[in-house]
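Coordinate-derived values only; no laboratory data. Note that the coordinates shown come from a computational prediction; the quantities given were computed from them, not determined experimentally. So basically every Cβ, Gly included, is an ideal-geometry build from the backbone, and we count neighbours across all protein chains shown.
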Amino acid sequence: MAKLLEVENLSISFTQYVQGLNRHDSRVISDLTIDVDESEIVAVLGSSGSGKSLLAHSILGILPYNSHVTGEIRYKGQTLDQDLKEKLRGDEICLIPQSVNFLDPLMKVSEQAIGECKDDAEHKERKVRQREIFARYGLDESVDNLYPFELSGGMARKVLLSTALIEDPDLLIADEPTPGLDKKSVEETISDIKNLKEHGKGVLLITHEIDAALKTADRIAIFYSGYVIEINDVKNFSSSETVLHPYTKALIDSLPRNGFKLTEGVQPLGEIPGCPYYENCPIRTDRCNKERPELEEHDGVMIRCFNFKEANDGA
């Protein structure tokens, strides 16, 4: 299967000025490496507010002016520079944004979904497509002439989803697409994302909802404190015995079906010298506090840990 999206060693930081003219650089994402094949859904799973959305914004070239980005992003083997991002976004690469603030408050939602058209014939064709997708998500014709402020939160999320699907993108970036939706709409969203995969498309699903990731993705990348610490096949998330990283094991054990086995500790903020999971890790060593492990391949699994073999003896 051909590579659709390749992200290598992506780091994102922001320059801020505190207490007057004191400059401070805050790193939010560090050395992030991930890829998406054609006909594949990859989920980036992490806690709310951990910076996952910045990955989507970096791919699309919509980070704020005070951001600093290093690393490389490739799309279909071609370096995704700012010019190419602007050319492809909204066409071959589409985003389902997390925030409903992405909707233009001064434009009716149907026209936002239809987008710019070169002539009346294209507008008519896209209008039919827009109405078809709106109807699929329970948005009747009366919604077409509404402005965003007239929508409920759930309706606004359905409009955002519909707008992305109208374009039939080769790569869909879905940033928290299911919160606020009713159960039926969640199921339809998951079904539509899977349908894109069946038609050769690639999907990067960014979420904090583990059930959505488990029901949708082929592979799951675990995002912790700005780092991807494990990328594993979704089938291996059925048990803590079949994932490798200590944090991923703790995450699986904390699920309701596994008895809510919670562990103490929080994700550290800012830059740290060693492993981001050091303070909470049951298998840490002195090395983990001094050196930061790289994301490396082990039997088809990408893992960022010095000691995972000791934690998986017999696995």
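Key figures for this structure:
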read-out: Among Leu80, Leu106, Leu88, residue whose mean-square fluctuation peaks in a GNM of the chain (springs only between Cα atoms under 10 Å); value: Leu106
read-out: Nearest 10 degrees, 0 to 90: helix 120-136 Cα axis against the chain principal axis; value: 60
read-out: Degrees, to the nearest 10: 153-166 long Cα axis against longest axis of the chain; value: 80
read-out: Cβ charges +1 (Lys, Arg) and -1 (Asp, Glu), total dipole of the stretch 103-168, debye; value: 240
read-out: For the chain, the longest site-free run once chymotrypsin sites (Phe, Trp or Tyr not before Pro) in DSSP loop states with at most 14 other Cβ atoms within 10 Å are removed; value: 66-259
read-out: Charge dipole (debye, nearest 20) of the chain; +1 at Cβ of Lys and Arg, -1 at Cβ of Asp and Glu; value: 580
read-out: For Leu80, net neighbour charge (Lys/Arg +1, Asp/Glu -1) across residues whose Cβ lies under 12 Å away; value: -2
read-out: Calculated [θ] (222 nm, deg cm²/dmol) that DSSP helices of n ≥ 4 give over the chain, each run adding -39,500 (n - 2.57); value: -8500 deg cm²/dmol
read-out: Which listed pairs, of Lys52/Lys85; Lys118/Lys201; Lys87/Lys183; Lys124/Lys183; Lys127/Lys201, have C-alpha distances above 30 Å, in listed order; value: Lys87/Lys183; Lys124/Lys183
